[in-house]
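Here is the structure we will look at, set down as C-alpha cells.
The values are calculated or read from the model by the stated rules, or taken from the named source; none is laboratory data. Computed from a predicted model, the values in this text were never measured in an experiment. Because the Cβ atoms are built from the backbone with ideal geometry, glycine has one as well, and the counts that use them run over all protein chains shown. Heads up: the accessible areas ignore ligands, DNA and RNA and are worked out on the full protein's heavy atoms, side chains in. Shrake-Rupley method; radii C 1.70, N 1.55, O 1.52, S 1.80 Å.
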Amino acid sequence: MAGYNEEIERMQMESLEQLKKDIASKSVKPLDEDVVLQKYTQRLDELRRDGVHKIVEGRQNIAVAKKNRMLDKETRSKLIAEYNSQIEAAKAVAEKNKAEADDLTKRAVAYANIVSDAYIRQVNEKQTELEAKCKTEYKKRIATIQAETKDRISKLSSKEERNIAKYEGKSSLFDAKNQYVSEVSRCKNEKNQAFIDHVMFNRALRDGKAKTSENISMNIRDYIYNFKMSKFMLENGLYIAILIFFIICVIIAPLSGNGQLLSLPNILTILEQSSTRMFYALGVAGLILIAGTDLSVCRMVALGSVTTGLILHPTKNIVTFFGMEPWDFTGLPMGGRLAMALTLSIAFCVLFSCFSGFFSAKFKIHPFISTLSSQLIIYGLLFFGTSGTPVGSIDPGIKDVIGGRWILGAVNGDLITFPKLIIPAVIAIFVAWFIWNKTTFGKNMYAVGGNSEAAAVSGINVFAVTMGIFIMAGIFYGCGAFLEAFRANASAGTGQGFELDAIAACVVGGISFNGGIGKIRGAVLGVIIFTGLTYCLTFLGIDTNLQFVFKGFIIISAVALDSVKYLKRK
C-alpha cells in the first residue's frame with residue numbers, strides 16, 4: 001500500500017498549497033468536504049475494518065450471547081468459542097496494520113489540525129462580522145421603533161390610546177431584542193460548532209480515542225459559551241460572599257491579636273469538628289433530596305452517644321437507667337464492647353428512623369411531622385431513663401485509639417497532629433457518593449425526589465425507596481453518634497441543634513428542598529462551610545448568640561436562592 005500512502009501525501013502537499021490560497025480568499029472548506037481527509041478516512045477504515053473493528057464487534061457479540069437466555073449452554077459456548085476465534089484472527093490483522101494505521105492517523109490529525117485552524121479562523125471572522133452587522137441593525141431598529149412610537153403618541157389625544165401605543169411600542173422593542181439575541185446566539189453557535197466538529201473529527205480519525213488536551217479545551221470553550229453572569233451569581237453568589245467573609249476573618253484575626261487563623265492546626269481542627277457532623281448531613285441529605293427533612297437528628301445523636309458512653313465507660317456506670325442497677329460492661333473484652341456499642345447505636349437510630357419513615361412512606365405524612373414525633377419520643381425516653389445525668393467519659397485508652405490524634409511533627413514551632421476522626425468521615429463520604437451515583441437505589445432516590453408519582457408509574461417502588469432512605473439515614477446517624485461519644489461526655493442533651501446545622505449545611509451545599517436536585521459534594525461542602533464559619537467567629541471572639549444571627553442570614557439566603565433557581569427552572 002506504499003503507492004496509496006504516496007498518493008495521499010502528494011494530495012496533502014497540494015492541498016496545503018491550495019489551503020494557503022484559500023485562506024487568503026476566505027474559502028476554506030469544512031473538514032468533511034476536504035478531499036485529502038476523505039482519503040485518509042477511507043484508508044484508515046480499510047485498515048481497521050478487519051482488525052480493531054472486528055475485535056470490538058466480537059466482544060460485543062460475546063456480551064450479547066452471555067445475556068441471551070434463549071440460548072442453551074452448548075449453543076452459547078459454541079458461539080462464544082467462534083467469536084473468540086474471530087477475535088484472535090482480527091488481532092493478527094490489527095497487529096499487522098498497526099504501524100501503517102498509527103502513521104496515517106498521526107499525519108491525518110496533523111493535517112486536520114491545519115485545516116481546522118484555518119476553517120475556525122474563517123468562521124470566527126465571518127460570524128464576528130455578522131454579529132457587528134446584527135448589532136448595527138438592532139440599534140437602527142430600536143431607534144426607528146422609538147421614533148415611530150413617539151410620533152404616534154404625539155398625534156393621539158386620548159390617554160387610553162396613548163397607553164396602548166406605549167404598550168405596543170414596548171412590545172415591538174421586546175420583539176426586536178429577542179430577534180437580536182437569537183441572531184447573535186446563532187453566530188456564537190456557528191463558532192462553537194466549528195471547534196466541536198474539529199475535535200469530533202480528530203476523535204474519529206483516532207478511532208474514537210479522546211485526547212486530554214482536546215477535552216480540556218472543549219470543556220473550557222463550552223463553559224465560556226454557556227457562561228452567563230446572572231446564572232453564575234445565582235448559583236455561586238452565596239459561596240463568593242462566604243469566601244469573602246473568610247478572607248476578611250483571615251485578615252482581621254492577626255490585627256486583632258488573635259493569631260493566624262489560616263494555619264494548618266486550625267484547618268485540621270475545623271475538619272475534626274466537621275467529621276461527626278458529616279454523618280448527620282449525609283443522612284439528612286437523602287431526606288431533603290425527596291423534599292423532606294429530619295428534626296430527630298439531635299435526639300438520634302444523643303441516643304447513640306448515650307448508648308456508646310454506657311458500654312464504653314471505664315468503670316461501673318453512674319447512671320441508673322429506668323431505675324435499674326447501674327450497668328457494668330468492664331468484664332467484656334474491649335473489642336466486643338466496641339462492636340456492641342456501634343451495633344446498638346446504629347440499631348436504635350435505624351429503629352426510630354424506620355418509625356418515622358413508615359408513617360411518611362405509608363400515610364404520606366410529611367417527614368417534618370413524623371421526625372418531630374420521633375424526636376419527642378426519644379427525648380422523653382432518654383431524659384426519663386437517665387434523669388438527664390451525663391454517662392461520663394469513655395475508656396481513655398480506646399478514646400485515644402479512635403478519637404485521638406496522630407502526631408505528625410512540628411512546623412514553624414507548632415505541633416501538627418492529625419485527627420483520627422477524619423478517616424471514618426472520609427469513608428462515609430465515599431460510601432454515600434457511591435450509593436447516590438453508582439447504584440440503582442441512588443437513581444431511584446433522584447426519581448422519587450423529582451416526581452414521586454411519575455416514579456411510581458415508571459415501576460419504581462416509592463414506599464421501598466422512601467424506607468430505604470430513612471434506613472440509610474439511621475445508619476449514618478448511628479455511626480456519627482457512636483463517634484460523637486469520643487468527642488464529649490454524652491447525655492440526653494447531646495447534639496442539641498445538630499439537626500438544624502445538618503439541614504442548613506445541605507441547603508447551603510445546593511441540595512434543594514424542592515426535591516430531586518443535589519450532590520453529595522454539596523452536603524460535604526456545606527458542613528465544612530458551617531463548621532468553618534462557627535470556628536472563625538469563635539476564633540475572633542464573637543459572642544455565641546451573634547453567631548446564630550450569621551447562620552440565620554446564610555440559611556435564609558441559601559433557601560431564597562434555591563427558590564429563585566427552582567422558579568427559573570419551572
Accessible area per residue, Å², the chain with all protein chains present, probe 1.4 Å:
54 Å²
Find how many whole Å separate the alpha carbon centroid of the range 30-59 from the alpha carbon centroid of the range 384-462.
50 Å
VAL64 versus ALA347: modelled label distance in nm, points set 7 Å from Cα along the beta carbon direction:
5.2 nm
Rounded accessible area of VAL549 (nearest 10 Å², 1.4 Å probe)
70 Å²
Quick one: Cα centre-to-centre distance for the range 222-271 and the range 139-192, in angstrom?
43 Å
Here the range 172-320 gives, from Cα atoms, an Rg and Dmax in Å of 26.9, 84
Would you work out if the range 284-443 is rounded, prolate or oblate? Take a ≥ b ≥ c from the square roots of the eigenvalues of the alpha-carbon gyration tensor; rounded if a/c is under 1.5, else prolate when a/b is larger than b/c, oblate otherwise.
oblate
Charge sum, other residues only, whose C-beta stays under 13 Å from ARG48's C-beta, Lys/Arg counted +1 and Asp/Glu -1:
0
Roll a 1.4 angstrom probe over the protein heavy atoms and tell me the percent of accessible area of the chain that is carbon or sulfur.
61 percent
Dipole magnitude (debye, nearest 20) for the range 124-278, charges at Cβ of Lys, Arg, Asp, Glu:
420 debye
Please list, by residue number, every one of the chymotrypsin sites (Phe, Trp or Tyr not before Pro) in the range 155-251 that is coil in DSSP and has at most 15 other beta-carbon atoms within 10 Å.
PHE227
Theoretical ellipticity at 222 nm over the chain - DSSP helices of four or more residues, -39500 (n - 2.57) apiece, nearest 500
-27000 deg cm²/dmol
Scanning the chain, every Cys lacking a C-beta partner under 4.7 angstrom -> CYS134, CYS187, CYS298, CYS349, CYS354, CYS479, CYS506
What FRET efficiency would be calculated for the residue pair ILE542, GLN496, taking the C-beta separation as r and a Förster radius of 25 Å, to the nearest 0.05?
0.80
Label model pair LEU376, ILE248: point-to-point distance (7 angstrom along the Cα→beta-carbon line) in nm is 4.1 nm
For the chain, build the charge dipole from Cβ charges (+1 Lys, Arg; -1 Asp, Glu) around the Cα centre, then report which of ASN192, VAL181, LEU303 sits farthest towards its positive end.
VAL181
Distance in nm between pseudo-label sites at LYS228 and THR315 (7 Å out along the Cβ direction from Cα):
6.8 nm
By accessible area with a 1.4 Å probe, ligands and nucleic acids excluded, highest first: order of SER217, SER387:
SER387, SER217
In terms of the charge dipole of the chain, which places +1 on Lys and Arg and -1 on Asp and Glu at the beta carbon, the residue among MET334, VAL559, THR320 farthest towards the positive end is VAL559
Please work out which option in [x] 15, 31, 32, 19, 3, 0; [y] 17, 47, 33, 3; [z] 17, 41, 31, 11, 1 gives P(r) over Cα pairs in 20 Å bins from 0, in percent calculated from these coordinates, and answer with its label.
[x]
Please work out the Cα center distance from the range 507-563 to the range 281-306, rounded to the nearest Å.
16 Å
Just the accessible area for PHE553, please: 1.4 Å probe, Å², rounded to the nearest 10?
140 Å²
If you take the square roots of the eigenvalues of the alpha-carbon gyration tensor of the range 466-562 and sort them as a ≥ b ≥ c, do you get rounded (a/c under 1.5), prolate (a/b over b/c) or oblate?
oblate
Give, rounded to the nearest 20 debye, the magnitude of the charge dipole that the chain has about its Cα centre when Lys and Arg contribute +1 at Cβ and Asp and Glu contribute -1 at Cβ.
1120 debye
Residue span PHE383 to LEU408: 0.36 nm per residue of separation minus Cα-Cα distance leaves a gain in nm of 4.9 nm
Solvent exposure, largest accessible area first (probe 1.4 Å, DNA, RNA and ligands not counted), of ASP562, ASP207:
ASP207, ASP562
Which value in Å does the Kirkwood hydrodynamic radius of the range 462-515 take, with 1/r averaged over all unlike C-alpha pairs and then inverted?
13.1 Å
Counting only protein chains, not ligands or nucleic acids, how are ARG69, ARG206, ARG277, ARG49 ordered by accessible area (probe 1.4 Å), most first?
ARG69, ARG49, ARG277, ARG206
